[in-house]
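As structure tokens, the structure follows; a few thoughts come after it.
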Protein chains: 4
Amino acid sequence: MIRFNCDYGEGAHPRILERLQETNFVQTPGYGEDEYCREAADIIRGLCGQDDLDVHFLMGGTQANLTVLSAALRPWQGVVSTDAGHIAVHETGSIEACGHKVLCIPHENGKLRAGAVAELCRAHYADASFEHMVQPGAVYVSSPSELGTIYSRAELAALREVCDEYGLLLFLDGARLGYGLASPENDLTLPFLAETADVFYIGGTKQGALFGEAVVIRNEALKRDFRYQIKQRGGMLAKGRLLGIQFAELLRDGLYFELSRRAVALAMKIKAALTEAGCEFYIDSPTNQQFPIFPDEQLARLGEKYAFSYQCRVDEARSAVRICTSWATREEDVDELICDIRRG
Amino acid sequence: MIRFNCDYGEGAHPRILERLQETNFVQTPGYGEDEYCREAADIIRGLCGQDDLDVHFLMGGTQANLTVLSAALRPWQGVVSTDAGHIAVHETGSIEACGHKVLCIPHENGKLRAGAVAELCRAHYADASFEHMVQPGAVYVSSPSELGTIYSRAELAALREVCDEYGLLLFLDGARLGYGLASPENDLTLPFLAETADVFYIGGTKQGALFGEAVVIRNEALKRDFRYQIKQRGGMLAKGRLLGIQFAELLRDGLYFELSRRAVALAMKIKAALTEAGCEFYIDSPTNQQFPIFPDEQLARLGEKYAFSYQCRVDEARSAVRICTSWATREEDVDELICDIRRG
Amino acid sequence: MIRFNCDYGEGAHPRILERLQETNFVQTPGYGEDEYCREAADIIRGLCGQDDLDVHFLMGGTQANLTVLSAALRPWQGVVSTDAGHIAVHETGSIEACGHKVLCIPHENGKLRAGAVAELCRAHYADASFEHMVQPGAVYVSSPSELGTIYSRAELAALREVCDEYGLLLFLDGARLGYGLASPENDLTLPFLAETADVFYIGGTKQGALFGEAVVIRNEALKRDFRYQIKQRGGMLAKGRLLGIQFAELLRDGLYFELSRRAVALAMKIKAALTEAGCEFYIDSPTNQQFPIFPDEQLARLGEKYAFSYQCRVDEARSAVRICTSWATREEDVDELICDIRRG
Amino acid sequence: MIRFNCDYGEGAHPRILERLQETNFVQTPGYGEDEYCREAADIIRGLCGQDDLDVHFLMGGTQANLTVLSAALRPWQGVVSTDAGHIAVHETGSIEACGHKVLCIPHENGKLRAGAVAELCRAHYADASFEHMVQPGAVYVSSPSELGTIYSRAELAALREVCDEYGLLLFLDGARLGYGLASPENDLTLPFLAETADVFYIGGTKQGALFGEAVVIRNEALKRDFRYQIKQRGGMLAKGRLLGIQFAELLRDGLYFELSRRAVALAMKIKAALTEAGCEFYIDSPTNQQFPIFPDEQLARLGEKYAFSYQCRVDEARSAVRICTSWATREEDVDELICDIRRG
């Protein structure tokens, strides 16, 4: 079985494991107060072009999302998300478990349109009973989105404007940020994100690390006491060094971006081959997640050899699946897949 | 200004105030452990035809909803509701503040269809990632609904069946229960509700009391320790007697049902007059809430004399409003309104 | 049975009921946005000598406490209280249910000493692992305390100073505030409280109203969006007018203070008689709650005729009880009690 | 600087890193549904001598504690712990953030006495206002405790009995379980724990793994839907295999127990040397944490070369510190420390 179902099916890039081994017997303080975390944070501040960003390393995406949002929102506030947003659908109500409603807006190509957020806010404050309804307090977007699409500078700038108008915090989930930055359609940069979002994260788990997300905070109010919130929510790793070591290794000399580019190139190769073979797509994605639509018969045949992740039924005879490449994808597996797809 | 905007614009039925006065200097224990609460609970058990129901008196609807649901749900469970459900829209995220997602299904005539609940549950357990999603744990319905419509026996029985199949608790919000039971289209009875729902409440606030909702629990697991939950959520009234006195007075000899019938009769009078005058309705309601659609000009004219509650814009020239009658509505005000409507 | 066990055993002062009757058919908007609430809030601002206080009317003490504290605290903060504090002991963990720890300090005469709060804060920030511990975020005091004792101006000013030093919000639970202000030992005033506390409340439930607590907010950050929080926690009474009417009646011409003085005078009469009879006290209280220690035999005899509230066993042969007077206590009952106590 | 301040100052036992490397490119499903987790769970069931235990792998202790307790408790319940319990003091109110009070009892030698738990429960149900107080719902103990002491079979059996009497769930935090089992004073076994506790965990983080705690559940009600709760609280590691690989490696052939024995032997060597040198101890610990009391001057001298963790001031001239050994402690460092201590 060759797995294309997700981008976290293997361990970590070999350089990560090597670095863990090299540093294994160095004694450090716990809880992220070690040299490796400091180094990684400094590298990230450098890449973002800002000296006064706070950087915290968390273990996974759900943990990052709930820690950030529970610190960001007042009790009566909710977070605006698309109805496809990971926090809205696939985190078992973790945001609600922290007391906050996810205010859903139908996605457009997996994305949240600034105009729709503005309209939601306008309608809230225009309602005579607004105090009887959850107040919008933050905006959650993922780029790449859950459907592989990415935000442009213009789209994020427009969201920023709406957030400023209505006093919302802008939070970008970057669990697959590298794959977005490596997309041929991308015009985002880390400095732009660091200027535009109040808080965002640079995903490690799906990008070559064993695990880890680097949360970058610009918003002063959110910076304050954030480590209390990490600890309270169970996210303060005793051996915090493990996160620092991994992010330093990934980001020190561009490994992160190189791995991302390679994975996206392989995804584009699959996309081109599928397109050529006349395959339709559930959505047009420029990143490492591709969503082809297969006839059920073909899917059954492919399913004997490859693992995809099932997306949804499209019509009576066809289903969409998700194919992921990653830092670990082998080019020969991609070629074999293409070959098998061409066979029909 | 004559107010038809809600059914809680006045104080209480005069018999309630008289009874409060008569009992004022009787000394009782606090927190609902008095003779009046016992009497009222016994009357309710009698009306429901079941001896082993637990009855608790709470102060308002939001409080009743959040107290019941926080006791009913496990942390990873959510409650299924229509997207028009009061808990989904107009309680400032009180259910989320207790940690639980409201799983919304589009309403049909203000109501939740059993088939849609079954489909939501089926889809949940069919999903490979079901543990990554909120588990449906209870169903919330209001009858009359937020749009004035009522459930039939058949509809509630069908919901009961789905609840049994998927292990859901069935909770009926009866903030306006009397107005539903008094509807010409009603086929529900208190004994049927007490057999069919795990828990429901008999609304007092909108039905002639100063305030109060009588929560009736049949489900054994939910009965257990419920008073702890009332206290924790701030709902245990020190002078609990006030609730017992009011419900005993309303229910002892049928006052509750008499007041409900009168209010619904007045609503039907308005509905008939509106229909005759060619008025369209946003929804066809058989209870004390009516939702006529008025041309904006007419609405402006009526608005100088009457308070309605704004429902929504229907098209460029027309809006829907809500007109409520209640136990306190004066027949001469209804006649004047009808007269003014006829004038156009 | 003559009840001295609590100060909420009867209904309400007759003037309250009369006023409810007079206003019963006046139509008002709901949710506290009526003329009566505005009037009562204005009276309170006048009594406090400040124009820019926000006043909200809630139904009970637990509700007031949890609504204020959940709005006041950040998720990782707790509230400092004595170990006898009502929120620490007798509200079924309502503060924890909102996510916050109650940081307990042993009481001294029922009160929280400023020095002890300062020491707790100093120790918190001095600890190398302070982010692993709950951050003190607010101080909760009750005056009169759960043991009947009252804070002096100097004591509250000292607490204010500590709060300013460590960034804590100062919250005073005034469920029995009137009985405190009426104490012969009192040097507090409403203007002093309004200047010194960030938020406090003027209790109605135990002071002649059917129910109700008037929450007075000076802190600007806490003022913001407070009504959302009231609604979310189930505390927004549909017929909010009931609260406005009651507080206006109690406070318009001094009824509140008059009733408090009378109750305290009766308590002092009991205290003097007990002292004269050689009775010891569990604590020396200058307000309407008295805590005499009785030999078990005498207590059994008295218990046939009077209801007290049991406080605790003092030694093998004696127990302490609580005797309350209230706005409703009859002087002849007090005299009879005194007479019976003298008999031994 | 030689660090004896904690048992999580290094990476992981070399065999762990080797095994991660060997398995690095094997493709597996995510979220703990892989072969390695299955293998590790089977090994644990084997060691516990029970086939029907549920085993879940979490990333850290705070996460394990909050996930277990939020699944175990009803909203109005609290967990009984010593006042030195990790959940009571050093997890930033994580249990309160899930809505539950920690009901503290003063520790005896770091431990919770069954009799004290029984007395707390008896007092709860004997109180006339018990519904106004948090209901005890679970018992939390750590063995080794935060002070290095361990529970005996008899002590745990006595706690089990109290738990059965009052319907409490018994939860044992085993973050340092191996060091306890390796103690010369130990009479516990894994099968005994699995029979006696409703749920416990086998710590990895402090016992040779990079991170990880293996939660073992015997209680049927708690087993149900536990993975939802793991996901909701942010504890479901995408690459769950990392936990399975580590625990399988540690437990497959006894490495875990061997490392524990070695660390405890080194701690006993330090303890013996300190005792011989006339040093007093804050507490008599038979495990890898030792709490010697040093004169401040000596401590300052030692502090130039060694890192300890500060425990508390004992008197004007002396302080207690914590010295930890671990799987990674070098014997030559221990010998050097002993040598320096002997010098005074």
From the protein chains alone at 1.4 Å, what is the descending order of accessible area for A:SER319, A:SER129, largest first? A:SER129, A:SER319
May I ask you to derive the relative contact order of chain A, considering only C-alpha pairs under 8 Å and at least 6 residues apart, and to give it as an integer percent? 25 percent
Region A:161-210: relative contact order from alpha carbon pairs under 8 Å, six or more residues apart, as a whole percent, is 46 percent
Provide the percentage of antiparallel DSSP beta bridges, counting only those with both residues in chain C; round to the nearest 5. 60 percent
Restricting region B:182-270 to trypsin sites (Lys or Arg not before Pro) in coil, as DSSP defines it, with at most 16 other Cβ within 10 Å: B:ARG224
I need the inter-copy label distances for D:PHE192: point set 7 Å along Cα to C-beta, values in nm with one decimal, smallest first. 6.1, 6.2, 6.4
Modelled label reach - A:GLU276, point 7 Å along Cα→Cβ, region A:325-339 residues with backbone N closer than 18 Å: A:331-339
C versus D: buried accessible surface, summed, Å² (probe 1.4 Å, to nearest 100): 1300 Å²
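Determine the share of chain A's accessible area contributed by carbon and sulfur atoms, expressed in whole percent, with a 1.4 angstrom probe.
Whole-percent figure for carbon plus sulfur exposure: 49.
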For region A:1-149, give the share of DSSP beta bridges that are antiparallel, in percent and rounded to the nearest 5; count only bridges with both residues there. 10 percent
What residue among C:PHE171, C:PHE308, C:PHE130 shows peak mean-square fluctuation when chain C is described by a Gaussian network model with Cα springs under 10 Å? C:PHE130
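Are there trypsin sites (Lys or Arg not before Pro) in region B:284-332 that DSSP marks as loop and that have at most 14 other Cβ atoms within 10 Å, and which are they?
Values: sites: B:ARG301, B:LYS305, B:ARG313, B:ARG318, B:ARG322, B:ARG330; in loops: B:LYS305, B:ARG330.
Filter output for region B:284-332: B:LYS305, B:ARG330.
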Pick out which of D:LEU243, D:LEU20, D:LEU66 has the largest mean-square fluctuation in a Gaussian network model of chain D, springs linking Cα atoms closer than 10 Å. D:LEU20
For chain C, what are the DSSP H helices with axial Cα length of 27 Å or more and mean Kyte-Doolittle hydropathy of at least -0.5? C:255-276
Here the protein assembly as shown gives, from Cα atoms, an Rg and Dmax in Å of 32.9, 106
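How well do other chains shield peptide A:95-107, expressed as the mean number of their Cβ atoms within 10 Å of each residue Cβ?
Per-residue shielding by partner chains comes out at 6.
With every protein chain left in place, what is the accessible area per residue of region D:15-129 in square angstrom, probe 1.4 Å?
Details: 4020 Å² over 115 residues.
Per-residue accessible area for region D:15-129 comes out at 35 Å².
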Of all the residues in chain A, which one has the C-beta that comes nearest the axis relating A to B, and what is the distance in Å? A:GLU96, 2
Hits among lysines - C-alpha to C-alpha of D:LYS223 under 18 Å, sequence gap 8 or more where chains match: D:LYS231
Hey, how many Å between the Cα centroid of region B:55-117 and the Cα centroid of region D:61-86? 27 Å
Listed residues C:ALA41, C:ALA118, C:ALA182; largest mean-square fluctuation, Gaussian network over chain C with Cα springs below 10 Å, found at C:ALA118
Taking the DSSP beta bridges in the protein assembly as shown as the whole, what percent of them are antiparallel, to the nearest 5? 60 percent
Å³ per residue enclosed by the Cα convex hull of chain D: 135 Å³
Find every distance from the label point of B:ALA123 to the corresponding label point in the other copies (7 Å from Cα along Cα→Cβ) and write them in nm, one decimal, shortest first. 2.0, 5.2, 5.4
How large is ³J(HN,Hα) for each residue in region A:218-226, as worked out from phi by the Karplus curve 6.51 cos²θ - 1.76 cosθ + 1.60 (θ = phi - 60°), to whole Hz, x for Gly and Pro? 9, 5, 4, 5, 6, 4, 4, 6, 5
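If DNA, RNA and ligands are ignored and the probe is 1.4 Å, what is the ranking of B:ASP164, C:ASP54, B:ASP7 by accessible area, most exposed first?
Ranked list, largest accessible area first: B:ASP164, C:ASP54, B:ASP7.
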Once amide H atoms are built 1.01 Å from N in the peptide plane, which residues 5 or more positions from D:GLU213, or in another chain, come under 5 Å H to H? D:LEU58, D:MET59, D:GLY60, D:GLY204
Can you tell me, using C-alpha contacts under 8 Å and at least 6 residues apart, the relative contact order of region B:243-290 as a whole percent? 34 percent
Shortest first and in nm to one decimal, what separations exist between A:ARG343 and its copies in the other chains, measuring from label points 7 Å along the Cα-to-beta-carbon line? 7.4, 8.4, 10.4
Out of residues 5 or more away from D:VAL314 or on other chains, whose amide H comes under 5 Å of its own, with H placed 1.01 Å from N in the peptide plane? D:SER319, D:ALA320
Give the cross-link partners of D:LYS101 among the aspartates and glutamates, using a straight C-alpha distance below 17 Å as the criterion and excluding same-chain residues fewer than 8 apart. B:ASP225, C:ASP83, C:GLU91, C:GLU96, D:ASP83, D:GLU91, D:GLU131
Given the -39500 (n - 2.57) contribution per DSSP H run of 4+ residues, what per-residue ellipticity at 222 nm results for the protein assembly as shown, rounded to the nearest 500 deg cm²/dmol? -12500 deg cm²/dmol
Mind listing, in residue-number order, the residues in region B:1-18 that have at least 20 Å² less accessible area with every protein chain present than in their own chain alone (1.4 Å probe)? B:ARG3, B:TYR8, B:GLY9, B:GLU10, B:GLY11, B:PRO14, B:LEU17
Threshold 20 Å², region B:192-237 residues less accessible with all protein chains present than alone (1.4 Å probe): B:THR205, B:LEU210, B:PHE211, B:ASP225, B:ARG227, B:TYR228, B:GLN229, B:LYS231, B:GLN232, B:ARG233, B:GLY234, B:LEU237
Unit-weight point scatterers at every alpha-carbon of region C:2-43, Debye formula, q = 0.18, 0.31, 0.32 1/Å: log10 I(q)/I(0) is -0.71, -1.09, -1.10
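The values are calculated or read from the model by the stated rules, or taken from the named source; none is laboratory data. Nothing here was measured: the structure is a model prediction, and the numbers come from that model. All Cβ positions, glycine included, derive from the backbone under ideal geometry; neighbour counts span all protein chains shown. SASA here: full protein model, heavy atoms, side chains in, ligands and nucleic acids out. Shrake-Rupley method; radii C 1.70, N 1.55, O 1.52, S 1.80 Å.
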